[in-house]
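Have a look at the structure below before the remarks.
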Amino acid sequence: MEKKSYNLNDHVIMKKPHACKTNEWMITRMGVDIKLKCVNCGREIMMDRIEFEKKLKKVLGEQS
Ligand SMILES: [Zn+2]
């Protein structure tokens, strides 16, 4: 199984697309909870790490 490592400001792909049909998010906060910002519509969501890792599909890394 592929190991998933991620850092602040990394872009990630989740298993389910956002309501705006974009599936790319940026990690804007990493603590007990992970905060993600949708790169298309700018909406932010929070979830705990366990949920995040369960829903995470792919880490794209830091994008310029
Ligand atoms: Zn969105």
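Here, each number is a calculation from the coordinates, and none is a lab measurement. Please read all numbers here as calculations on a predicted model, not as lab measurements. Glycine also receives a Cβ, built like all others from the backbone with ideal geometry; neighbour counts cover every protein chain displayed.
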Item to complete: Starting from residues that are of a type in the set (D, E, K, R) and part of a strand (DSSP E or B), keep the ones in the range 15-54 and report whichever is farthest from the ligand (Cβ to nearest atom).
Response: 48
Item to complete: Show the residue pairs that are 6+ apart or on different chains and have beta-carbon atoms under 7 Å apart, the first residue being within the range 17-33 and touching a residue at least 40 places away in the same chain (Cβ under 8 Å), the second being exposed (fewer than 15 other Cβ atoms within 10 Å of the Cβ) and hydrophobic (A, V, I, L, M, F, W, C).
Response: none
